[in-house]
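What follows draws every value from the coordinates through simple rules; no lab data is involved. Keep in mind that what you see is a predicted model, and the values were worked out from it rather than measured. So basically every Cβ, Gly included, is an ideal-geometry build from the backbone, and we count neighbours across all protein chains shown.
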Amino acid sequence: MSSDSSSSTSDGVLDDMIIAITQETINYLREEAQSSTSRNRQPALERDRLGAHERLMQDYFCENPLYDDVQFRRRFCMSRHFFLKISNDLEGEFPFFTQRESASHKVGFSGIQKCTTAIRQLAYDTTSDAWDEYLRMSSRMCRDSLENFYEGVIFLYGRRYLRMLTATDVLLLYEAHQRIHGFPRMLGSLDCTHWDWAV
């Protein structure tokens with residue numbers, strides 16, 4: 001009988017020790033998580049997303065934009081019509097490109113803003129944080145926009161426009177290039193040494 005009572009007492013002590021150690025571990029992990037969160041997290045910048053969207057629309061996409069078609073083509077390396085077609089196609093097919101409200105009731109970036117940062121990064125070969133001042137987008141959002149943009153473009157247009165050229169395609173391009181520029185058999189080449197230049 002005494003051995004039963006001593007074993008139950010030692011089991012009770014062991015249970016208390018396990019509970020105490022477990023509680024200490026939980027407390028330690030909570031403190032560590034809170035301190036690492038406060039160390040690594042920077043306060044969120046209050047970006048004026050809607051204001052940036054309105055500026056972008058006034059500059060390029062309203063009825064009478066600040067910048068004309070020539071300036072648009074120079075800055076985006078494509079026509080305004082083509083840009084809007086890509087933006088609308090992406091917005092219609094991929095939820096990433098639709099403007100949504102976050103859980104904290106902040107209005108997100110528009111599809112046009114996301115396409116603008118992606119195309120500007122491609123056109124100017126810039127880093128993801130280069131457009132923060134104008135578009136009010138974080139570096140991470142710019143990277144996400146670029147990644148979703150190229151995945152979307154490949155998905156939407158890959159079969160038709162991103163395929164290997166056929167022999168017929170090459171002949172048509174040679175013909176068009178010779179007709180427009182006067183250089184025969186010039187496809188993606190800057191080598192004009194075979195051309196007889198007038199002196």
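Of all the Cα-Cα pairs you can form in the range 49-159, what percent are over 21 Å apart? Every Cα pair in the range 49-159 considered, those over 21 Å come to 32 percent.
The stretch between TYR134 and VAL70, if pulled fully straight at 0.36 nm per residue, gains 21.0 nm over its current Cα-Cα span.
The length gained by stretching the chain between GLU54 and ASP16 to full extension, at 0.36 nm per residue less their Cα-Cα distance, is 7.3 nm.
If you find the alpha carbon centre of the range 77-99 and of the range 140-185, how far apart are they in angstrom? First find each Cα centre; the distance between them is then 17 Å.
Applying 0.36 nm per residue to the separation of ASP125 and SER102 and subtracting their alpha-carbon distance, the gain on full extension is 5.3 nm.
Between GLU175 and LEU84, with labels modelled 7 Å along Cα→Cβ, what's the label distance in nm to one decimal, could you check? The answer from the label model is 3.3 nm. Each other residue within a Cβ distance under 13 Å of ALA123 adds +1 if Lys or Arg and -1 if Asp or Glu, for a net charge of +3.
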